[in-house]
Amino acid sequence: QVQLVESGGGLVQPGGSLRLSCAASGFPFSSVAMNWYRQAPGKERELVAGITPSGGSTNVADSVKGRFTISRDNAKKTVYLQMNSLKPEDTAVYYCKAAGGPWRLYWGQGTQVTVSS
């Protein structure tokens, strides 16, 4: 059974930082690329960052480039999203998801990030 459990969200002031975690189970995590998405109120879900199975290659959306970093720990079956210099427009629910294979159909419950003074 595929499970994705996101955590680490919260309320932070503009310019602050948060580190999101996503604990995965039920699929061969170390062999699967992973993505982080976000969805702001009234907007479509947006791909934020991706990482290859080994962690050797990453990419982030232009909107967060230079501020967000994706990483993973295959031993812990966890993918991370380090978010720095947060802006109000980063406010959203953040989700992780497998990038390929049949596991890509599963979503976690997400974690809320609110950037506000």
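Taken together, the values in this text are just the output of simple stated rules run on the coordinates, not laboratory data. Predicted, not measured: the structure shown is a model, and the values here were computed from it. No Cβ is skipped: glycine too gets one built from the backbone with ideal geometry, and neighbour counts run over all protein chains shown.
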Study note, to complete from the structure: The ³J(HN,Hα) series, computed from each phi in the stretch 9-25 with the Karplus coefficients 6.51, -1.76 and 1.60 at θ = phi - 60°, rounded to the nearest Hz and given as x for glycine or proline, is x, x, 9, 9, 7, x, x, x, 10, 9, 10, 8, 10, 9, 8, 10, 7
Review point. What number of lysine-lysine pairs in the chain show an alpha-carbon separation below 19 angstrom, given a sequence spacing of 8 or more or placement on distinct chains?
Key: 5
Point to revise | In Hz, Karplus ³J(HN,Hα) per residue of the stretch 101-112 (6.51, -1.76, 1.60; θ = phi - 60°; x = Gly, Pro) | key: x, x, 6, 5, 7, 9, 10, x, 7, x, 9, 7
Practice item. With a 10 Å radius around each residue's Cβ, average the other Cβ atoms per peptide and rank 11-20, 75-84, highest first. Key: 75-84, 11-20
Revision key, fill the gap. Karplus ³J(HN,Hα) for the stretch 68-82 (6.51 cos²θ - 1.76 cosθ + 1.60, θ = phi - 60°; Hz, whole; x = Gly/Pro) runs 10, 9, 9, 8, 8, 10, 5, 5, 9, 6, 9, 10, 10, 9, 8
